[in-house]
């Protein structure tokens, strides 16, 4: 059993850290947790937390999780592209090494512009903000693939939830360089009082989401110890290894803010996607006129974001916003809003590079929360620079002169034959 508590001092402010780890009912420990080094006597530029869960039943699980954590900390990536490159490289090195081991991953990188998070497999990252408990990452298991098939109408929800392979991992570090981590491309803006939980599946498989939310209302160290006590109190004989790290953003914490981007000279366009079940579809064009977005209407909730930050919550009606590149919006009916929370909508936006990707992520949450879903309508959009793709005008086909001459000769020949036939018939 390991219990650790400390404070990380950064230029943005301070973060209290609580960490627990236990072997559970297993004969060996395959979880690994690591933190970036903090300078003595001065604020750090960055801070990283990484949790890796070696694959149970696979050889070298402990080695692979340890190797992954150490090498990711050494990489010190500064952007989503660098995080992806580092994770893919390490996964390729493990596969090439022939260890036949693998590991899941949950990583948090706290940089001046905000927080980047990344997961591979089924280790998770949660956020508690103003009492709302949100799972930021999506499990990369076969259920995610099944949910895509439900969305596409290839199977129904009953088939998905009863599939015997639904919990099998679809991604893990060590499977090669072709990885697709679940990660954000827009930084998460944190604020004082926020708490992040980074954990392996041994935590959330033992405790409910409500129990984890209750634990996170305590201080970082208290929350970590409360999670430890709750898991041990279950007394499961087959309890998996479990690791939990709690980060508490203290009073005075402030992410550096980026300025509004403004409207470029070439203008902007809307990348949108919509879905309607059992009711008329909502259209983005109903709410955008002359570059101004009207926030909602009768029985329609509107969420409007700028740089990943919610400007207009869905509960508020009315209001107008001048659109800018990088903005995003969601319009939905109550049947959708009841099943996908404000925090989940925001988390999925941060991870999406297109409106279709954002909508599909939210639809997966909607299916998991509602089953067959009921009636709803939703349309989302991301404002992008430039005029967008314009339909190409078809230029008239130009027929070669030689072909025209040949065609004319053929017509003349046919006409001559017809005249000869008609003359013969008359005689």
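The values are calculated or read from the model by the stated rules, or taken from the named source; none is laboratory data. Being a predicted model, the structure only gives us computed values, none of them experimental. For neighbour counting, all protein chains shown are included, and Cβ atoms are generated from backbone atoms with ideal geometry for every residue, glycine included.
Restricting attention to segment 56-74, report how many residues are assigned to a loop (DSSP other than H, G, I, E, B) and crowded, with 24+ Cβ neighbours inside 10 Å.
0
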Out of segment 16-29, which residues are out of contact with any helix residue (DSSP H, G or I) (no Cβ under 8 Å at 6 or more places or on another chain) and not in a loop (DSSP other than H, G, I, E, B)? 21
I'd like to check something: does segment 39-47 contain any residue that is closer than 16 Å to residue 106 by Cβ, buried (at least 20 other Cβ atoms within 10 Å of the Cβ), touching a strand residue (DSSP E or B) at 6+ places or on another chain (Cβ under 8 Å) and modelled with pLDDT of 95 or more? yes
Taking segment 190-233, which residues are surrounded by fewer than 24 Cβ atoms within 10 Å (Cβ to Cβ), under 26 Å from residue 61 (Cα atoms) and either modelled with pLDDT under 95 or under 23 Å from the mean Cα position of the chain (by Cα) (or both)? 201, 204, 205
State the number of residues belonging to segment 99-113 that are in a loop (DSSP other than H, G, I, E, B) and in contact with a strand residue (DSSP E or B) (Cβ under 8 Å, 6 or more places away or on another chain). 2
Selected residue [part of a helix (DSSP H, G or I) and within 24 Å of residue 376 (Cβ to Cβ)] from 214, 158: 158
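So which of 247, 282 ends up being at pLDDT below 90, crowded, with 21+ Cβ neighbours inside 10 Å and touching a strand residue (DSSP E or B) at 6+ places or on another chain (Cβ under 7 Å)?
Values: 247 fails: at pLDDT below 90.
Just one listed residue meets the conditions, 282.
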What about residue 153, is it more than 21 Å from the chain's Cα centre (by Cα), modelled with pLDDT under 95, more than 21 Å from residue 358 (Cβ to Cβ) and in a loop (DSSP other than H, G, I, E, B)? no
Give segment 156-188 a look and list any residue that's farther than 24 Å from residue 116 by Cα and surrounded by 15 or more Cβ atoms within 10 Å (Cβ to Cβ), or say none. 157, 160, 161, 163, 166
Mind listing whichever residues of segment 311-370 are in contact (Cβ under 8 Å) with a residue 40 or more places away in the chain, over 19 Å from residue 130 (Cβ atoms) and in a loop (DSSP other than H, G, I, E, B)? 323, 324, 325, 326, 327, 333, 351, 352, 353, 354
So residue 77 fits all but one of (1) more than 19 Å from residue 195 (Cα to Cα); (2) touching a residue at least 60 places away in the same chain (Cβ under 8 Å); (3) not in a helix (DSSP H, G or I); what number is the exception? (2)
